[in-house]
Amino acid sequence: MKRLTAIAFGFTVAAVASVGAAGAASADEGPAGKEVAESVFESNDPEATYEGLSDAERAAFDSYVLPAEQDVQTEVVEPQNDVARQIEESGGAPETLNDASVAGCWVGRADGSAQAAAGNTLYTFYVEGSWCSNGVTVTSASYDRAGGETSTPGWRYEGVNDFASGVSAGNQGVAWAQHSFVLGAGGWDIQHPLECIRLRGAANGNAYADYTCSVNF
């Protein structure tokens, strides 16, 4: 089993006009973002409730529900046969592998997430894929499955919007998926991000992850 280092990416997402750009409220000062968010999204008219918030409440709301940072990582990579384990041990095509048509195969998973400025996780998503190689050349790749879930009030997951797999021009087995999330309630949708996540498997069994909806790069 391989567990690879996570890579963090910072990004800024602008809210629609109805959502203010006030700064994040400190955890030790002002209203709690979770309580404000719940009061907005559980009301009969979320948009009107938001418009009625004080500046401090809006700042707490924004810091709790708006994306501020992303993280992506390859979670688990598992060799599926003895050839794959030989390739991992040798770092390439084993001397005992005389038949180039014989391949080692792996399955892997890439996980992504978005966090708010307050530090809470908004939602998570993943893609799982498989690839095979002879230790030098990746010979095949496939998309296995993908999914996601939300962790903060107001966010909902609408499923996998698109996916694909294949061997890239850079000699990597690729599987990617695009996920659809929505922030809003009661007919008031604030944001609708489409999140891409890609798993890239190398000929030696190593794997990488990034936020791209493409087999090639």
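The values are calculated or read from the model by the stated rules, or taken from the named source; none is laboratory data. Nothing here was measured: the structure is a model prediction, and the numbers come from that model. Backbone-built Cβ (ideal geometry, glycine too); neighbour counts: all protein chains shown. Remember, those area values only see protein heavy atoms, side chains included, never the ligands or the DNA or RNA. Shrake-Rupley method; radii C 1.70, N 1.55, O 1.52, S 1.80 Å.
Got at least one residue in the stretch 162-175 being within 18 Å of residue 63 (Cβ to Cβ) and touching a strand residue (DSSP E or B) at 6+ places or on another chain (Cβ under 8 Å)? Checked against the condition, which is being within 18 Å of residue 63 (Cβ to Cβ) and touching a strand residue (DSSP E or B) at 6+ places or on another chain (Cβ under 8 Å), the stretch 162-175 yields no hits at all. Counting just the residues of the stretch 57-71 that are touching a strand residue (DSSP E or B) at 6+ places or on another chain (Cβ under 8 Å) and buried (at least 21 other Cβ atoms within 10 Å of the Cβ), which one comes out farthest from residue 123 (Cα to Cα)? Of everything passing the filter in the stretch 57-71, 63 is farthest from residue 123 (Cα to Cα).
When we screen 45, 111 for residues that are among the acidic types (Asp, Glu), assigned by the TED database to the domain that holds residue 199 and either surrounded by fewer than 16 Cβ atoms within 10 Å (Cβ to Cβ) or at pLDDT 85 or above (or both), the only hit is 111.
So which residues in the stretch 83-97 are modelled with pLDDT of 75 or more and either out of contact with any strand residue (DSSP E or B) (no Cβ under 6 Å at 6 or more places or on another chain) or open to solvent by less than 70 Å² (accessible area, probe 1.4 Å) (or both), if there are any at all?
Across the stretch 83-97, the qualifying residues are 83, 84, 86, 87, 88, 89.
Among the residues here, residue 144 does not qualify as farther than 23 Å from residue 202 by Cβ, assigned to a strand (DSSP E or B) and open to solvent by 50 Å² or more (accessible area, probe 1.4 Å).
Just wondering, is there one or more residues in the stretch 192-201 that are at pLDDT 95 or above, within 26 Å of residue 37 (Cβ to Cβ), part of a strand (DSSP E or B) and aliphatic (A, V, I, L, M)? Yes, the stretch 192-201 has at least one match.
With respect to residue 166, determine if the residue is touching a Pro at 6+ places or on another chain (Cβ under 8 Å) and on the phi > 0 side of the Ramachandran plot. It would help to see each step written out before you state the result.
Details: touching a Pro at 6+ places or on another chain (Cβ under 8 Å): no; on the phi > 0 side of the Ramachandran plot: yes.
Answer is no for this residue.
For every residue, the table says whether it meets (1) surrounded by fewer than 20 Cβ atoms within 10 Å (Cβ to Cβ); (2) aliphatic (A, V, I, L, M).
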{"site": "175", "(1), (2)": "no, yes"}
{"site": "180", "(1), (2)": "yes, no"}
{"site": "195", "(1), (2)": "no, no"}
{"site": "201", "(1), (2)": "no, no"}
{"site": "217", "(1), (2)": "yes, no"}
